[in-house]
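Have a look at the structure below before the remarks.
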């Protein structure tokens with residue numbers, strides 16, 4: 001958020017704004033805590049209510065997978081078993097399995113088949129910072145110093161929000 005100064009503040013005005021910020025922060029945290037608590041209760045109730053259904057669905061999936069595998073001929077023309085509520089189909093698919101990724105990459109690099117793998121080359125900023133701070137010059141890399149605003153809401157206010165949410 002870009003900070004626009006409307007008029008210069010006095011210390012008491014800045015203190016009042018800081019307290020207003022803390023009040024709003026606590027209000028938002030309190031609302032978020034209430035929402036999280038309500039969501040957790042709904043998820044817990046929903047999980048209990050759906051436990052049996054989810055278990056039965058998993059069993060049915062296994063049964064239907066076996067049915068489809070054993071009755072492939074039924075899926076040759078239409079490729080689907082349809083009801084008014086759902087459909088079951090078989091779809092041909094394949095996947096590439098690379099059992100030894102390291103060996104494959106070594107082989108592909110040796111053959112210069114660079115299209116078979118990708119390398120994500122990204123600068124490591126902490127390592128760059130150490131070198132720059134040690135006086136080394138890195139092409140295209142500079143260190144930028146700046147100040148951030150740091151607002152901390154009193155811990156006792158946050159504790160009140162947490163205890164109210166429990």
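Observations on the model:
- Flag if residue 58 is surrounded by 11 or more Cβ atoms within 10 Å (Cβ to Cβ) and modelled with pLDDT of 90 or more: no
Each row is one residue, and each column tells you yes or no for (1) exposed (fewer than 11 other Cβ atoms within 10 Å of the Cβ); (2) without any contact (Cβ under 8 Å) to a residue 40 or more places away in the chain.
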{"residue": "16", "(1), (2)": "no, yes"}
{"residue": "25", "(1), (2)": "no, no"}
{"residue": "29", "(1), (2)": "no, no"}
{"residue": "63", "(1), (2)": "yes, yes"}
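- If you go through region 132-142 and keep only what is surrounded by 10 or more Cβ atoms within 10 Å (Cβ to Cβ) and part of a loop (DSSP other than H, G, I, E, B), you end up with 136, 138, 141.
- Residue 115 vs. criteria modelled with pLDDT under 85, under 30 Å from residue 161 (Cβ atoms) and surrounded by fewer than 10 Cβ atoms within 10 Å (Cβ to Cβ): no
The values are calculated or read from the model by the stated rules, or taken from the named source; none is laboratory data. Just so it is clear, the model here is predicted, and its values are computed rather than measured. With ideal geometry, Cβ positions are generated from the backbone for all residues, glycine too; neighbour counts draw on all protein chains shown.
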